[in-house]
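These notes concern the structure reproduced below.
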Amino acid sequence: MLLAIDVGNTNIVLGVFDGTTLVQSWRLQTLRERTADELGLLVGGLFAYHRLDKSNVHGVVMGSVVPPLTGTTRAMVEQYFGVTALNIEPGVNTGMPIVYDNPSEVGADRIVNGIAAFEQFSRSARPLVIVDFGTATTFDAISAKGEYLGGAICPGVQISADALFQRAARLPRIDVRKPARIVGQTTVGAMESGLFWGYVGMVEGLVRRMSDELGGQAVCVATGGLADMIAPETPLIHHVDPDLTLRGLRIVWERNQRHQ
């Protein structure tokens, strides 16, 4: 089996693959102060609870956008799984050409998302736009030839909601959800409408403009926490895959094994 680990700013997402099948996945809160032992106990407990044998894990691949946890996670893998994790390095070991001024600046998650989307949805030889609704919302462009071209980074919708609460004294903290109507008739209703429909409008605007810049007719793939909520509200998102990052990590692992 293969263990894939995506170390993000809000969550650490883990997935266990048996071949190409994602057998199990988990989400842990990202805490930069965690030690390798703490991570090892948490992950070991998840394996035990789901009756998965850690000794069957013969490979680990990881991507991290949280530098303080990169070394910690690699140390946990070595101590508790007895293997050396393959750490994703954009422009070095992913197999995807990166047309970017400084390829090392691109987050590992953005590259593996592009790889997974290209593998799954590029049959029509059209460019792709990948939208990842995470702590930040990222938009990434992939050419029809499978090159990473760049993209856009926006504040995540929860960051926007928190900023509104913190900076406006009379506005309450609210959850992000689809409101019953667009014209809000209470303060909370107006905030819900602005956050949700404003975000849908931002997504549509950026996807449309990026698609136009790519020559039109780009295929849009969404992933991340709010993908299932936003995608039904716009025809510009064609596919949703909540496990896109984990699938991309698996693909990069397989590519590196073939080149050994």
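Is region 191-209 home to any residue that is within 14 Å of the chain's Cα centre (by Cα), closer than 21 Å to S122 by Cβ and of a type in the set (K, R)? Spell out how you get there, then give the answer.
Of all residues in region 191-209, those within 14 Å of the chain's Cα centre (by Cα) come to none.
No - not one qualifying residue is present in region 191-209.
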Give me the pairs, please: first residue somewhere in region 115-135 and on the phi < 0 side of the Ramachandran plot, second residue anywhere and surrounded by fewer than 17 Cβ atoms within 10 Å (Cβ to Cβ) and aliphatic (A, V, I, L, M), beta-carbon distance under 8 Å, and either six or more positions apart or on two chains. T135/I159
Go through the residues of region 57-68 one by one and say whether even a single one is touching a Lys or Arg at 6+ places or on another chain (Cβ under 6 Å) and on the phi < 0 side of the Ramachandran plot. yes
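Hey, could you check region 222-246 for residues that are among the polar types (S, T, N, Q) and outside any helix (DSSP H, G or I) and say which is farthest from I142 (Cα to Cα)? Before you say what the answer is, go through the steps one by one.
Filtering region 222-246 down to residues among the polar types (S, T, N, Q) leaves 223, 234, 245.
Add one more test, that the residue is outside any helix (DSSP H, G or I), and what stays is 223, 234.
Details: T223: 15, T234: 21 Å.
Result: T234.
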Could you go through region 123-144 and let me know if any residue there is out of contact with any helix residue (DSSP H, G or I) (no Cβ under 7 Å at 6 or more places or on another chain), in a helix (DSSP H, G or I) and modelled with pLDDT under 90. no
In region 11-51, residues that are of a type in the set (A, V, I, L, M), assigned to a helix (DSSP H, G or I) and farther than 19 Å from T72 by Cα total 1
Just for region 53-86: of the residues that are in contact (Cβ under 8 Å) with a residue 40 or more places away in the chain and farther than 15 Å from I5 by Cα, which one is least open to solvent (accessible area, probe 1.4 Å)? N56
Give the number of residues within region 87-114 that are over 29 Å from G44 (Cα atoms), open to solvent by less than 10 Å² (accessible area, probe 1.4 Å) and either assigned to a helix (DSSP H, G or I) or of a type in the set (S, T, Y) (or both). 1
Just the residues that are closer than 18 Å to E204 by Cβ and aromatic (F, W, Y), please, taken from region 122-156. F133, F139
Which listed residue, of V207, V176, V157, V203, is in contact with a strand residue (DSSP E or B) (Cβ under 6 Å, 6 or more places away or on another chain), in contact (Cβ under 8 Å) with a residue 24 or more places away in the chain and among the hydrophobic types (A, V, I, L, M, F, W, C): V207
Take E78 and decide whether it is within 23 Å of the chain's Cα centre (by Cα) and among the acidic types (D, E). no
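Please go through region 203-221 and pick out each residue that is surrounded by 15 or more Cβ atoms within 10 Å (Cβ to Cβ) and assigned to a helix (DSSP H, G or I). Before you say what the answer is, go through the steps one by one.
Here is the first cut: in region 203-221, the ones surrounded by 15 or more Cβ atoms within 10 Å (Cβ to Cβ) are 203-204, 206-208, 210-211, 214, 218-221.
The answer is V203, E204, L206, V207, R208, M210, S211.
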Looking at G216, G151, which is the one that is touching an Asp or Glu at 6+ places or on another chain (Cβ under 8 Å) and either of a type in the set (G, A, S) or closer than 25 Å to V112 by Cβ (or both)? G151
Number of the condition not met by W197 [criteria: (1) touching a residue at least 12 places away in the same chain (Cβ under 8 Å); (2) crowded, with 16+ Cβ neighbours inside 10 Å; (3) assigned to a helix (DSSP H, G or I)]: (2)
For A231, only one of the following conditions fails: (1) surrounded by 17 or more Cβ atoms within 10 Å (Cβ to Cβ); (2) more than 15 Å from G201 (Cβ to Cβ). What is its number? (2)
Out of all the residues in region 150-182, which are among the small types (G, A, S) and either outside any helix (DSSP H, G or I) or at positive phi (or both)? G150, G151, A152, G156, A168, A169, A180
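Quick check on D175: is it modelled with pLDDT of 90 or more, among the charged types (D, E, K, R) and under 21 Å from A227 (Cα atoms)?
On the way: modelled with pLDDT of 90 or more: no; among the charged types (D, E, K, R): yes; under 21 Å from A227 (Cα atoms): yes.
It is false that D175 is modelled with pLDDT of 90 or more, among the charged types (D, E, K, R) and under 21 Å from A227 (Cα atoms).
The values are calculated or read from the model by the stated rules, or taken from the named source; none is laboratory data. Not measured: the values here are computed from a predicted model. Because the Cβ atoms are built from the backbone with ideal geometry, glycine has one as well, and the counts that use them run over all protein chains shown. Surface accessibility is based on the protein's heavy atoms, side chains included, excluding ligands, DNA and RNA. Shrake-Rupley method; radii C 1.70, N 1.55, O 1.52, S 1.80 Å.
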